Amino acid sequence: MKQAIKNILGTILYLAVVLGITFLFIIFVAQRTDVDGRSMENTLHDKDALIVDKISYRFRDPERFEIIVFPFKYGDDILFIKRIIGLPGETVQIDFDGNIYIDGEVLKESYGREVIKNPGRAVDPILLGEDEYFVMGDNRNNSTDGRDPAVGNIARSDIIGRAFLRIYPFSDFGLIKK
C-alpha cells in the first residue's frame, strides 16, 4: 500500500514538474501563433501555424525586415503579425508612387507583394520614438498596419516576439527568413 501511494505521488510530482516547465516555456521562451488573414502574403498565408521566439529580444534589438507579433491595441486577444520597416529614431514616409523612404532615402526591399496604393498616415513623415517601430504587411494593399492610425507605431514593450518557424502546413515547414 505504501509503495502504491509513493508511486502515485511520484507520478503527480512528475506531471507537476512537466506542466510547470511547459508553462514557463510558453510564457518566457516561445509560443504557437496562427496566421489569420492574408496581410503577410506571399511570405505567410492564412492558417499557417508559427512558433514565435519570445526570448531573442531580451538580448538584442529587433531588426529591420524581421516579422514580429504584437497585440492589436483595440481588440481583445487579437495578435498582429507584421514586418518591421522603420526602426527607433528613423523617419518613415511613403509617397503616392509606393516608395518607402527611411530618413529621406528610398528603402531597398522586395517583400511587398505589389506597389503601395495608399500611403495612409505615412504620406506625411512619421518620426519614430526611441522605442517605436513602423510595421507593414507584405500584402501592402490588403494590410492593416502602421499606415493605419488604429495600429500606428509599435512600442518595443508591446512586441511579443519574432516569428521564426512555420510548423504548419507541413509542406512549408521551416525557418522564416527575414
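Please treat every number below as a calculation from the coordinates, not as lab data. Quantities reported herein were computed from a predicted structural model and do not represent experimental measurements. Counting neighbours? That spans all protein chains shown, and the Cβs are built from the backbone with ideal geometry, glycine included.
Quickly work out the R156-to-Y168 label distance, labels modelled 7 Å from Cα along the C-beta direction, and quote it in nm with one decimal. Output for this residue pair reads 3.4 nm. Pairs of Cα atoms nearer than 8 Å and 6+ residues apart set the relative contact order; for the stretch 31-175 it is 30 percent.
Among V135, V17, L175, which residue has its Cα positioned farthest towards the positive end of the charge dipole of the chain, with +1 placed on the Cβ of Lys and Arg, -1 on the Cβ of Asp and Glu, and the dipole taken about the Cα centre? With unit charges placed on the Cβ atoms, the residue in question is V17.
If you run the Gaussian network model on the chain, springs between alpha carbon atoms under 10 Å, then out of K54, K73, K82 the most flexible one is K73.
Given only helices, namely DSSP H runs of n ≥ 4 each adding -39500 (n - 2.57), what is the per-residue ellipticity at 222 nm of the chain, to the nearest 500 deg cm²/dmol?
Value at 222 nm, helices only: -5500 deg cm²/dmol.
A Förster radius of 41 Å combined with the Cβ-Cβ distance from F28 to D103 puts the calculated FRET efficiency at roughly 0.75. Taking packing as the residue-averaged number of other Cβ atoms within 10 angstrom, the listed peptides 29-35, 89-95, 114-120 run from highest to lowest as 89-95, 29-35, 114-120. Springs join every pair of Cα atoms under 10 Å in this Gaussian network model of the chain, and among D53, D61, D77 the largest mean-square fluctuation is at D77.
Here the Gaussian network model covers the chain, with springs between Cα atoms less than 10 Å apart; of Y74, Y133, Y14, Y14 fluctuates the most. Applying 1/(1 + (r/R0)^6) with R0 = 41 Å to the Cβ-Cβ distance of L127 and I55 gives a FRET efficiency near 0.85.
Subtracting the Cα-Cα distance of N118 and V17 from 0.36 nm times their residue separation leaves 31.2 nm of extension gain. If one takes the longest principal axis of the Cα atoms in the chain, at what angle in degrees, from 0 to 90 and to the nearest 10, does the Cα axis of helix 2-28 lie? Around 10 degrees separate the two axes.
With a Förster radius of 22 Å applied to the beta-carbon distance between F72 and N142, the computed FRET efficiency rounds to 0.85.
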